[in-house]
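First the structure, in the form of structure tokens, and then the observations on it.
Coordinate-derived values only; no laboratory data. Worth saying up front: this structure is predicted, and the values here are computed from it rather than measured. Cβ coordinates were reconstructed from backbone atoms using ideal geometry, including for glycine residues, and neighbour counts include every protein chain displayed.
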């Protein structure tokens, strides 16, 4: 009888230990991005790298949380956030009144100018020469909206900036609208291209589902600490943003 009791207690202990282990399983937060936008985010050996990736890593360390990336087209990020397929989005995303109706934004971590690049074989001679051109821009971005404000401009939206780059090189469009730091990288890596100039842009932030105010507040606290201690500035210098 004692042997049976000991076996019962041992079995109960195993069950309770397993239950305790299951209850301690950490949530893995899904961070959405569009890793085709260096230096903000890009893929290197299958890993998401860049300024935004380093910011998330620093926030996760402060909050002691686990996370994984979900890489998708830019125009699919906000819908995925709204349907809770993602917990947060960081993708060089600018704060706009329209987006703020759909999602919540963290405090801004930087502002970036809007820049234009063109092909040297078909140059655009400065900001004053922007009118009546065909521009490529990533679908759903503020760059697409900026291009549409140019007098006489035709705008061709692309699902990725890679597609816009191919179109520019082949002469199908006259220019691409990008964040200034991204435009500089594109020109550095493609010597046949030229930087036309830049206009003032909008602040960038991390996006959250409207229901996830608690998570946003945690991120805000960590992000503010990273701004205050100079980490964000060091990362900006690292990536030339």
Estimated FRET transfer efficiency (residue 199, residue 66; beta-carbon r; R0 35 Å; 0.05): 0.35
Estimated [θ] at 222 nm from DSSP helical runs (n ≥ 4, -39500 (n - 2.57)) normalised by residues in the chain, nearest 500: -12500 deg cm²/dmol
In degrees, nearest ten, helix 51-63 long axis to first principal axis of the chain (Cα): 30
Förster-model FRET efficiency, 35 Å R0, residue 121 and residue 96, C-beta, rounded to 0.05: 0.55
Cα-Cα separations in the range 112-201 greater than 15 Å, expressed as whole percent: 50
Between helix 2-23 and the chain: long-axis angle, C-alpha atoms, 0 to 90°, nearest 10: 20
Sequence-separation-based contact order of the range 112-201, relative, with Cα cut under 8 Å and 6+ spacing, percent: 48
Euclidean distance between Cα centres, the range 113-144 to the range 164-197, Å: 8
For the chain, built as a Gaussian network whose Cα springs stay under 10 Å, the top-fluctuating residue of 217, 144, 41: 217
Distance between modelled label sites at residue 27 and residue 128, nm, 7 Å Cα→Cβ extension: 5.5
Relative contact order (percent, whole number), the chain, Cα cutoff 8 Å, 6+ residue spacing: 26
Whole-angstrom Cα spans of the chain along principal axes, big to small: 93, 36, 33
Contact order normalised by residue count of the range 140-183, Cα under 8 Å, 6+ apart, percent: 36
